[in-house]
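Undergrad: Sharing a structure with you now.
Only the coordinates and a few stated rules stand behind these numbers; no lab work does. The structure displayed is predicted, hence computed values, not measured ones. We place every Cβ from the backbone using ideal geometry, glycine too, and count neighbours over all the protein chains shown.
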Amino acid sequence: MVQLMNGKKLSETMQLQMKETVDRLKDQGITPGLVVILVGEDPASQIYVRNKERAAKKVGIYSLVDREPADITEEALLALIDRYNQDDKIDGILVQLPLPKHIDPQKVTEKIDPAKDVDGFHPYNLGRLLIGDATRIPCTPFGIMKMLEHYGISPAGKRAVVVGRSNIVGKPMAQLLLQADATVTMAHSKTQELKEITRQADILVAAIGKANYITGEYIKPGAVIIDVGMNRKADGKLAGDVLFSEASEIAGWITPVPGGVGPMTITMLLYQTIAGAKAKRG
Ligand SMILES: NC(=O)c1ccc[n+]([C@@H]2O[C@H](COP(=O)([O-])OP(=O)(O)OC[C@H]3O[C@@H](n4cnc5c(N)ncnc54)[C@H](OP(=O)(O)O)[C@@H]3O)[C@@H](O)[C@H]2O)c1
């Protein structure tokens, strides 16, 4: 029978441990600080930011949401980031994506001090990840590795297939699995015979952005299925990239949507903010 990888529960456990760490740091006069910069009024972004703020406060992190108007200039946003780069109270800077069209997200990412880049998207941090010496790791793949570890699933020697090659999920995910000694294949929209490839996967990560795309016929019996997808359906409900009803009949392990990868992403954001605070103060 399939076993659930419960990201919500693991997140709660990790956040309790983090609260203890933060309390200890506060006793030493250190309060980890996180700023989330939100540009404009995108409704989904508003929800994500609220959730991040709530989680940060729960673990005792000093948390600031800086709301900026949609017409802020790129120059002004870059200057704002620079101010937070210099601000000693801030250990983590996150700029919520997507940004309005007149702002280049790459310029914004590159403006963040790599030491405060809690999202792990800065080219410096992605480069360090590539050479196997990362200090900041994109939160979603980092959270997935934590979940695998928690459930005692070692990627070593396994065949892993990552479907999706975005810079924030697919590519760093493949690197982390490779570093954990899996044999990794990356697939994308131009991949031929996708099913033939995914059916060989002992660990299958779906990061596609298409609701219920991975049906039972894509899955090897007993496989570990990680569903990164967060697709909003017409009825407002969330759907993963994996058709849970079919996959759960075939897989050995599976992450649900919601309650799987999503909560872990926020938890790793807090984790990296605390790590930043510790590193800065030695
Ligand atoms: N749970 C979380 O915390 C979390 C965090 C981040 C993202 N997400 C969700 O994860 C999903 C992916 O996010 P993303 O930012 O990585 O998306 P993205 O930048 O849109 O990338 C999607 C990837 O999927 C590939 N793809 C699209 N259609 C495909 C198909 N039919 N067959 C195979 N590959 C296909 C694309 O290939 P090409 O490169 O060839 O176009 C691309 O590499 C979304 O649903 C997003 O909401 C969740």
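Undergrad: For Lys210 paired with Lys195, estimate the spin-label separation in nm (one decimal), with each label point 7 Å from Cα along the Cα-to-Cβ line.
TA: Between Lys210 and Lys195, the label points sit 1.3 nm apart.
Undergrad: Can you pick out the pairs among Lys52/Lys101; Lys26/Lys116; Lys9/Lys171 whose Cα atoms lie more than 31 Å from each other?
TA: Pairs exceeding 31 Å: none.
Undergrad: With charges set only on the Cβ (+1 for Lys and Arg, -1 for Asp and Glu), what does the dipole of segment 2-75 come to about its Cα centre, in debye to the nearest 20?
TA: Dipole of segment 2-75, to the nearest 20 debye: 660 debye.
Undergrad: A further question on this structure: For all pairs of alpha-carbon atoms in the chain, what percent lies in each bin of width 5 Å, listed from the first bin to the last filled one?
TA: P(r) over the chain, rounded to whole percents: 1, 6, 12, 16, 18, 16, 13, 9, 5, 2, 0, 0.
Undergrad: Can you tell me which aspartates and glutamates have their Cα less than 15 Å from the Cα of Lys89? Leave out same-chain residues fewer than eight positions away.
TA: Partners found: Asp66, Asp113, Asp117.
Undergrad: Roughly how many Å is it from the Cα centre of segment 84-133 to that of segment 153-231, as a whole number?
TA: Their Cα centres are 26 Å away from one another.
Undergrad: Quick one: of the DSSP bridges fully inside segment 139-262, what percent are antiparallel, nearest 5?
TA: The antiparallel fraction comes to roughly 10 percent.
Undergrad: Still on this structure, please answer the following. Please report, in debye to the nearest 20, how large the charge dipole of the chain is about its Cα centre when each Lys and Arg carries +1 at its beta carbon and each Asp and Glu carries -1 there.
TA: So the dipole magnitude of the chain works out to roughly 440 debye.
Undergrad: A follow-up question, please. Distance cut-off 30 Å, Cα to Cα: go down the list Lys146/Lys210; Lys233/Lys278; Lys8/Lys107; Lys146/Lys280 and report the pairs above it.
TA: Too far apart for the 30 Å limit: Lys233/Lys278; Lys8/Lys107.
Undergrad: Along the Cα→Cβ direction, 7 angstrom out, place labels at Lys233 and Lys280. What is the inter-label distance in nm?
TA: Taking the simple label geometry, Lys233 and Lys280 are separated by 4.3 nm.
Undergrad: A follow-up question, please. Considering only C-alpha atoms, what is the centroid distance from segment 254-282 to segment 21-65, in Å?
TA: If you average the Cα positions of each part, the centres end up 12 Å apart.
Undergrad: Sticking with this one: Work out, step by step, the length gained on full extension between Lys58 and Asp104: first 0.36 nm times the residue separation, then minus their alpha carbon distance; give nm to one decimal.
TA: Stretched out fully, the Lys58 to Asp104 stretch lengthens by 13.3 nm.
Undergrad: Can I ask one more? Tell me what the chain gives for mean residue ellipticity at 222 nm when only DSSP H runs of n ≥ 4 count, each as -39,500 (n - 2.57), the sum divided by the residue total, rounded to 500 deg cm²/dmol.
TA: -13000 deg cm²/dmol
Undergrad: More than 20 Å apart: what percent of Cα pairs in segment 74-171 qualify?
TA: Summing the P(r) tail past 20 Å for segment 74-171 gives 46 percent.
Undergrad: Using the membrane-span-like helix rule (whole DSSP H runs, Cα extent along the own axis of at least 27 Å, mean Kyte-Doolittle hydropathy at least -1.0), which helices of the chain qualify?
TA: The answer, listed by residue number, is 261-280.
Undergrad: Compute for segment 139-262: radius of gyration divided by Kirkwood radius, i.e. Rg/Rh, restricted to C-alpha atoms, rounded to two decimals.
TA: Ratio of gyration radius to Kirkwood radius for segment 139-262: 0.93.
Undergrad: Hey, could you grab the Kirkwood Rh for segment 31-113? Inverse mean 1/r over distinct alpha carbon pairs, Å, one decimal.
TA: It works out to 13.0 Å.
Undergrad: Which of the trypsin sites (Lys or Arg not before Pro) found in segment 1-105 are in a DSSP loop and have at most 13 neighbouring Cβ atoms, other than their own, within 10 Å?
TA: Lys89, Lys101
Undergrad: List the trypsin sites (Lys or Arg not before Pro) in segment 172-212 that DSSP assigns to loop (not H, G, I, E or B) and whose Cβ has at most 10 other Cβ atoms within 10 Å. Which are they?
TA: Answer by residue number: Lys190.
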